[in-house]
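The values are calculated or read from the model by the stated rules, or taken from the named source; none is laboratory data. Values in this document were obtained by computation on a predicted structure and should not be read as measured data. Don't worry about glycine lacking a Cβ; one is built from the backbone with ideal geometry, like all the others, and counts go over all protein chains shown.
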Amino acid sequence: MEPKPNVSFENTSVAFAHRSDATLKKMRLLFKLMHYPFWLHMGIKLANGGLKWGLPIQGLIKSTVFEQFCGGEDIASCRPRIQELASYGVGTILDYSVEGKKELSSFEATKAQILQTIREGSGNPHLPFAVFKVSGIANVDVLTKVQAGEVLDQAETEALQRAEKRIGEIFAAAAEAGVRIMVDGEESWFQDVIDRWVLSAMATYNRETAIVYNTFQLYRHDMLRRLKDAHHDAVAKGYFLGAKLVRGAYMEKERERAKEKGYPSPIQPDKEATDRDYDRALQFCINNKQRIFLVSGTHNELSNQVLSELVDLHGMKRNDPRVYAAQLYGMSDAISFNLAKAGYNTAKYLPYGPVAEVLPYLSRRVEENSGMAGQRSREYKQIKQELARRKKARSSFPTIGKN
Ligand SMILES: Cc1cc2nc3c(=O)[nH]c(=O)nc-3n(C[C@H](O)[C@H](O)[C@H](O)COP(=O)(O)OP(=O)(O)OC[C@H]3O[C@@H](n4cnc5c(N)ncnc54)[C@H](O)[C@@H]3O)c2cc1C
């Protein structure tokens, strides 16, 4: 007989308890549409153009993909979602998701938003982490030049110094507020610069606990070694390593650039290699739990199973603050809510920002849900299954009202 897993992701009534019938039906339609990626991509393109031309389509986007994957346009409008997740034991990670801007004013505005998420999280157990992307507050062209060892002109040097100052302010504010802060992993051609900044902040602020977390993308074939090196550095210098593990979001871009510029691709040869390193990295972090604080950011059922088993096997409390599982809002509720119900620390990234500005983020989510056969059909199947379950329950107990 197969051993029973310590948490099951099959329970759709737990997964969707926070969704009304009407919302589930809307979700069913949305995920069904994702079976037609061509039309969906056309839709996103049209939405992009339409918003630029001032067409009145904001409402349509807001009531469909935006509502599914985002919390609101600002922090205040995210609060009901934060409360809702909290009532099921799921934490929220507010993620200001405006991307792709290169103006100074935008970097400053994004920094102000990140500082606001830190203030919002201070003393609030329902907001266990803050998060940001360095590309939101720094010019990545300058960072790319730094990593490539190119000489910067005066304006670029000043831009770099300003970026460093912004990042310094964010880490200092998080440490002051006692709010753990994660830095997202980005493209390999400027990630080294981010790593240097984050490692140095960890050595400063992670003396008694982990405040600052860096991201390790296991789709890179050098990342397990980099994780081990980071652990070695933490041991040698006596600080705690904050490690968020992900598989990685920029695989196509990475491969294309490597091919175009003629250097070896940093990406693993195949999905199996990524999966193997991800689970090894989980194992490495839990084996070294005295020194590493872990956030596992994945929608992969098996990796979430591995994590929950490791926690139990090591005799850790399921709500030990050193270990969190995280998923994105609007995806993999079966994982998040079942993990939370079983007592494991679980949180959702909740993106927010003006509708027109979060379109790049939304395009990626659509891409992900239409591109990954397993993931796409899993969401759709689970929604259908839950609607059928409710219908059956109502016909057996006709007094149960529709919500
Ligand atoms: C909470 C959270 C935070 C995140 N933060 C970041 C971040 O900071 N930076 C970032 O880059 N991404 C981030 N992501 C996205 C993440 O990297 C993945 O793109 C996404 O979660 C899909 O991977 P998975 O583990 O959930 O699922 P799976 O479906 O098991 O894995 C899909 C992933 O496997 C890898 N893969 C697929 N095919 C191949 C192949 N042929 N060869 C090698 N590898 C392959 C790719 O990374 C792909 O995204 C985050 C995700 C979550 C849930």
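Going through segment 124-146 one residue at a time, which ones are within 26 Å of the chain's Cα centre (by Cα), crowded, with 18+ Cβ neighbours inside 10 Å and in a helix (DSSP H, G or I)?
Val134, Ser135, Gly136, Val140, Val142, Leu143
Pull up segment 181-229, narrow it to residues that are assigned to a helix (DSSP H, G or I), of a type in the set (Ser, Thr, Tyr) and away from the ligand (no atom under 13 Å from the Cβ), then point me to the one that is surrounded by the most Cβ atoms within 10 Å (Cβ to Cβ).
Only one residue fits best here, namely Tyr205.
Ala356 passes all but one of (1) within 11 Å of the ligand (Cβ to nearest atom); (2) over 19 Å from the mean Cα position of the chain (by Cα); (3) hydrophobic (A, V, I, L, M, F, W, C); which number fails?
Of the numbered conditions (1) within 11 Å of the ligand (Cβ to nearest atom); (2) over 19 Å from the mean Cα position of the chain (by Cα); (3) hydrophobic (A, V, I, L, M, F, W, C), the odd one out for Ala356 is (1).
Could you list all residues from segment 325-353 that are in a strand (DSSP E or B), in contact (Cβ under 8 Å) with a residue 40 or more places away in the chain and near the ligand (Cβ under 9 Å from one of its atoms)?
Within segment 325-353, Ala326, Leu328, Ala347, Lys348, Tyr349 qualify.
Find the residue count for segment 44-86, including only residues that are without any contact (Cβ under 8 Å) to a residue 40 or more places away in the chain and outside any helix (DSSP H, G or I).
Residues in segment 44-86 being without any contact (Cβ under 8 Å) to a residue 40 or more places away in the chain and outside any helix (DSSP H, G or I): 5 in total.
Just for segment 11-39: of the residues that are assigned to a loop (DSSP other than H, G, I, E, B) and modelled with pLDDT of 90 or more, which one is farthest from Ser336 (Cα to Cα)?
Ser20
What's the number of the only condition in (1) at pLDDT below 95; (2) under 30 Å from Lys244 (Cα atoms) that Thr92 fails to meet?
(1)
State yes or no: is Glu254 within 10 Å of the ligand (Cβ to nearest atom), in a helix (DSSP H, G or I) and crowded, with 18+ Cβ neighbours inside 10 Å?
yes
Any residue at all in segment 257-277 that is of a type in the set (Val, Ile, Thr), away from the ligand (no atom under 14 Å from the Cβ) and within 27 Å of Met202 (Cβ to Cβ)?
no
Tell me, yes or no, whether segment 230-247 has at least one residue that is over 18 Å from Tyr349 (Cα atoms), part of a helix (DSSP H, G or I), within 14 Å of the ligand (Cβ to nearest atom) and more than 18 Å from the chain's Cα centre (by Cα).
The answer is no, given that none of the residues of segment 230-247 is over 18 Å from Tyr349 (Cα atoms), part of a helix (DSSP H, G or I), within 14 Å of the ligand (Cβ to nearest atom) and more than 18 Å from the chain's Cα centre (by Cα).
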